[in-house]
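Undergrad: I'd like to ask you about the structure that follows.
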Amino acid sequence: MFEDTILEMMDGEPFDIYVALFLVFNQLRYEHDGRSSFVIDRDKVLKKLRQTLINNKEKLMNYFEWACGNYEGGAWGEVVRIDELCKEKFNISIL
């Protein structure tokens, strides 16, 4: 159910995409640390996340609501930051 909801959110507006990204990142952290009681289908989720982020780059660059206003480039700045963390911690790129 968690995975299906995240996949649905990726079809939404920039805020929905940002929240889906944040949830995927947290789930990857929990799985890596052994704190998750379940695992997601990484291939399926990361494939759709990459596609969604690339397809919505312009919208995300212009989205400054919520915490995204803290980054130059709006939500896209957060996407880049999380991508760097994923590379460093999990050897995974979300872009």
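The values are calculated or read from the model by the stated rules, or taken from the named source; none is laboratory data. Since the structure is predicted, the reported quantities are computational estimates derived from the model, not experimental observations. As a convention, Cβ positions derive from the backbone with ideal geometry for all residues, glycine included, and neighbour counts pool all protein chains shown. SASA here: full protein model, heavy atoms, side chains in, ligands and nucleic acids out. Shrake-Rupley method; radii C 1.70, N 1.55, O 1.52, S 1.80 Å.
Undergrad: Can Lys57 be described as without any contact (Cβ under 8 Å) to a residue 40 or more places away in the chain and charged (D, E, K, R)? So that I can check it myself, show each step before the final result.
TA: Details: without any contact (Cβ under 8 Å) to a residue 40 or more places away in the chain: yes; charged (D, E, K, R): yes.
So Lys57 fits the description; yes.
Undergrad: Let me ask you something else. Specify which of the listed residues (Glu31, Glu72) is without any contact (Cβ under 8 Å) to a residue 40 or more places away in the chain and assigned to a loop (DSSP other than H, G, I, E, B).
TA: On the way: Glu31 fails: assigned to a loop (DSSP other than H, G, I, E, B).
Of the residues listed, the single one that is without any contact (Cβ under 8 Å) to a residue 40 or more places away in the chain and assigned to a loop (DSSP other than H, G, I, E, B) is Glu72.
Undergrad: Please tell me if Met9 is without any contact (Cβ under 8 Å) to a residue 40 or more places away in the chain, in contact with a Phe, Trp or Tyr (Cβ under 6 Å, 6 or more places away or on another chain) and on the phi < 0 side of the Ramachandran plot. Spell out the reasoning first.
TA: Values: without any contact (Cβ under 8 Å) to a residue 40 or more places away in the chain: yes; in contact with a Phe, Trp or Tyr (Cβ under 6 Å, 6 or more places away or on another chain): no; on the phi < 0 side of the Ramachandran plot: yes.
No, not satisfied.
Okay, residues lined up against (1) of a type in the set (Phe, Trp, Tyr); (2) surrounded by 18 or more Cβ atoms within 10 Å (Cβ to Cβ); (3) touching a helix residue (DSSP H, G or I) at 6+ places or on another chain (Cβ under 8 Å); (4) modelled with pLDDT under 95:
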{"residue": "Asp41", "(1), (2), (3), (4)": "no, no, yes, no"}
{"residue": "Arg50", "(1), (2), (3), (4)": "no, no, no, no"}
{"residue": "Tyr63", "(1), (2), (3), (4)": "yes, yes, yes, yes"}
{"residue": "Ala67", "(1), (2), (3), (4)": "no, no, yes, yes"}
{"residue": "Tyr71", "(1), (2), (3), (4)": "yes, no, yes, yes"}
{"residue": "Gly74", "(1), (2), (3), (4)": "no, yes, yes, yes"}
{"residue": "Glu78", "(1), (2), (3), (4)": "no, yes, yes, yes"}
{"residue": "Leu85", "(1), (2), (3), (4)": "no, no, yes, no"}
{"residue": "Glu88", "(1), (2), (3), (4)": "no, no, no, no"}
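Undergrad: Can you name the number of the only condition in (1) in contact with a helix residue (DSSP H, G or I) (Cβ under 7 Å, 6 or more places away or on another chain); (2) free of Cβ contacts under 8 Å to residues at least 60 places away in the same chain that Pro14 fails?
TA: (2) is the only condition that Pro14 fails.
Undergrad: Restrict the check to the range 20-33 and report whether at least one residue is farther than 16 Å from Val79 by Cβ and open to solvent by less than 20 Å² (accessible area, probe 1.4 Å).
TA: yes
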